[in-house]
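Visitor: Have a look at this one.
The values are calculated or read from the model by the stated rules, or taken from the named source; none is laboratory data. It should be emphasised that the depicted structure is a prediction, and the values quoted were computed from it without experimental measurement. Here the Cβ positions follow ideal geometry from the backbone for every residue, glycine too, while neighbour counts run over all protein chains shown. Keep in mind that these areas ignore ligands, DNA and RNA; they rest on the heavy atoms of the full protein, side chains included. Shrake-Rupley method; radii C 1.70, N 1.55, O 1.52, S 1.80 Å.
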Amino acid sequence: DLKTPEGVAALTKLLQDADVFLEGFRAGYLAQFGLDYESVKKINPRLIYVSITGFGQKSHKPGHDLNVIGLASLSGLDDGTEIALPDLQMSALTGSTNAFATICMCLFNREKTGQGRHLDVSLYASGLNMKITGIAAMYGCDAQKCKPFSRVSHYYGVYQCKDGRYMTVGTIEPKFWNRLCDLIECPELKERQFDFEHEKDLIKIIGDKFKTKTQAEWLALIGDEEFCVTPILTMREALNSELTKEQNILMSVQDKDFGELHYIGYPVKISDYEQKTPQRAQWLGESNELLK
């Protein structure tokens with residue numbers, strides 16, 4: 001608790017020999033406690049000091065993920081003409097991933113130089129960085145004086161089925177596009193994969209076809225075929241799917257305080273390493289005794 005002298009003293013003690021310190025306050029907030037990077041560096045020059053903010057150390061602007069992704073053009077679908085709000089905290093996830101990767105690089109560098117670093121991690125910059133493909137397309141089309149094509153198209157998009165559920169169509173490769181045309185019984189469309197001039201007409205034709213069958217019926221037709229036409233699942237369906245079982249990523253443990261708890265494990269499998277059973281988050285103040 002930094003609002004108490006004891007809390008400031010405890011954190012200062014931890015920072016004296018810490019490897020990494022991560023904070024998420026507004027820019028400049030910790031300076032009033034003498035815990036800004038320049039102050040802390042004097043007591044531990046090897047420290048990797050990580051500041052995660054919405055808009056960087058030069059801004060005091062508040063904001064949540066929804067604000068950040070809007071400003072970074074991450075909530076736009078089809079070049080911003082339609083809006084799609086993702087069911088995940090995109091800027092927070094990519095910001096934390098960038099922080100983690102850079103921490104690892106700085107720790108490796110410190111082994112060679114003995115020097116710590118200050119990492120200014122902006123969720124906005126992290127979000128904007130995710131738009132690299134769209135940004136490249138925009139500038140490239142500016143140079144060629146052509147209209148940027150959308151990431152969503154007739155051969156790469158989402159279609160609603162008869163029962164109101166959805167299928168994703170990712171038929172970028174011609175072989176998959178041709179298979180899609182056979183699946184929906186429209187072989188005459190095979191030569192029109194890149195007919196962007198009539199894209200809206202093609203989307204309607206394909207969309208009308210998908211609405212003739214339920215999601216389950218389309219899946220039955222596809223079967224086990226390796227094909228880039230797949231269903232949109234609910235969260236419960238995804239967690240219970242064969243893919244999740246194959247990945248062995250959903251873990252359950254018995255906790256003495258809460259009973260059965262469920263966790264999503266680390267997504268990367270490491271050779272000669274068995275993932276340990278996770279532990280619950282600590283109670284507020286649970287580790288304070290270690291500081292005495």
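Visitor: With the Cα gyration tensor of the stretch 1-54 giving a ≥ b ≥ c as the square roots of its eigenvalues, does the rule (a/c under 1.5 for rounded; else a/b larger than b/c for prolate; else oblate) give rounded, prolate or oblate? Could you put the intermediate results ahead of the total?
Guide: Working: a/c = 1.60, a/b = 1.02, b/c = 1.56.
Oblate, because a/c is 1.5 or more while a/b does not exceed b/c.
Visitor: Which whole-number percent gives the relative contact order of the stretch 66-160, counting Cα pairs below 8 Å spaced six or more residues apart?
Guide: Working: 65 pairs, mean separation 30.2, N = 95.
Contact order relative to length: 32 percent.
Visitor: Same structure, new question: Is there a quick way to get the dipole size of the chain? I mean about its Cα centre, with the Cβ of Lys and Arg at +1 and of Asp and Glu at -1; what is the value in debye to the nearest 20? Intermediate values should be presented prior to the final figure.
Guide: Details: 33 positive and 40 negative charges, 193 e Å.
Roughly 920 debye, rounded to the nearest 20.
Visitor: Related question: Quick check on the stretch 71-195: what does the Kirkwood estimate of hydrodynamic radius come out to from the alpha carbon pairs, in Å? Kindly include the intermediate steps, with their values, before the conclusion.
Guide: On the way: mean 1/r = 0.0549 Å⁻¹.
Value: 18.2 Å, from the Cα pair sum.
Visitor: Still on this structure, I have one more. State in Å² the accessible area per residue of the chain; use a 1.4 Å probe, count heavy atoms of protein chains only, and round to the nearest integer. Don't skip to the answer; put the middle values down first.
Guide: Values: 19940 Å² over 292 residues.
Value returned for the chain: 68 Å² of accessible area per residue.
Visitor: On average, how much area does the Cα convex hull of the stretch 169-292 cover when viewed from any direction, in nm²?
Guide: Working: hull surface 55.2 nm².
One quarter of the hull surface, i.e. the mean projection, equals 13.8 nm².
Visitor: Report the trypsin sites (Lys or Arg not before Pro) located in the stretch 44-118 that are in a DSSP loop and have at most 16 other Cβ atoms inside 10 Å of their Cβ, or state none.
Guide: Values: sites: Arg46, Lys58, Arg110, Lys112, Arg117; in loops: Arg46, Lys58.
Sparse-neighbourhood loop trypsin sites (Lys or Arg not before Pro): Arg46, Lys58.
Visitor: Output the relative contact order of the chain, whole-number percent, from Cα pairs under 8 angstrom with separation of 6+ residues. Working shown, then result.
Guide: Numbers: 321 pairs, mean separation 36.2, N = 292.
The normalised contact order for the chain reaches 12 percent.
Visitor: Rounded to the nearest 0.05, what FRET efficiency do Glu225 and Ala18 have when you use their Cβ-Cβ distance and R0 = 45 Å?
Guide: Working: r = 53 Å, r/R0 = 1.18.
After rounding, the FRET efficiency stands at 0.25.
Visitor: Right, another one. Classify the stretch 197-259 from the C-alpha gyration tensor, please: rounded if a/c falls under 1.5, else prolate or oblate depending on whether a/b exceeds b/c. Don't jump to the answer; show the numbers that get you there.
Guide: On the way: a/c = 3.31, a/b = 2.68, b/c = 1.23.
Prolate is the answer for the stretch 197-259, as a/c is 1.5 or above and a/b outweighs b/c.
Visitor: Go from 0 up to the bin containing the longest alpha carbon distance in the chain, width 5 Å each, and give me the % of pairs per bin.
Guide: Histogram of Cα-Cα distances, whole percents per bin: 1, 4, 8, 10, 11, 13, 13, 11, 9, 7, 6, 4, 3, 1, 0, 0.
Visitor: Then there's this: Given a cut-off of 30 Å, name the pairs among Lys162/Lys200; Lys3/Lys41; Lys131/Lys209; Lys213/Lys269 whose C-alpha atoms lie farther apart than that in the structure shown. Please list the in-between numbers first.
Guide: Details: Lys162/Lys200 20 Å; Lys3/Lys41 22 Å; Lys131/Lys209 32 Å; Lys213/Lys269 38 Å.
Beyond 30 Å: Lys131/Lys209; Lys213/Lys269.
Visitor: In whole Å, how far is the Cα centre of the stretch 1-57 from that of the stretch 184-219?
Guide: Taking the Cα centre of the stretch 184-219 as reference, the centre of the stretch 1-57 is 56 Å away.
Visitor: Using Stokes-Einstein with the Kirkwood hydrodynamic radius over Cα pairs, what translational diffusion coefficient do you get for the stretch 1-144 at 25 °C and a viscosity of 0.890 mPa s, in µm²/s rounded to a whole number?
Guide: On the way: Rh = 17.0 Å.
The estimated diffusion coefficient comes to 144 µm²/s.
Visitor: Show me the chymotrypsin sites (Phe, Trp or Tyr not before Pro) within the stretch 136-188 that DSSP assigns to loop and that have at most 14 other Cβ atoms within 10 Å of their Cβ. All intermediate terms of the calculation are to be shown ahead of the outcome.
Guide: On the way: sites: Tyr139, Phe149, Tyr155, Tyr156, Tyr159, Tyr166, Phe176, Trp177; in loops: Phe149, Tyr155.
The qualifying sites are Phe149.
Visitor: Can you send over the carbon and sulfur percentage of the accessible area for the chain, probe radius 1.4 Å, protein chains only?
Guide: Reported share for carbon and sulfur atoms: 56 percent.
Visitor: Let me ask something else. How big is D for the stretch 244-287, in µm² s⁻¹ as a whole number, if Stokes-Einstein is applied with the Kirkwood radius of its Cα pairs at 25 °C and 0.890 mPa s?
Guide: Here the translational diffusion coefficient equals 200 µm²/s.
Visitor: Count charges around Asp208 for me, please; just the other residues with Cβ under 14 Å from its Cβ, Lys/Arg as +1, Asp/Glu as -1.
Guide: Result for the neighbourhood of Asp208: +4.
Visitor: For the chain, give the share of DSSP beta bridges that are antiparallel, in percent and rounded to the nearest 5; count only bridges with both residues there.
Guide: Details: 17 of 27 bridges.
That works out to approximately 65 percent antiparallel.
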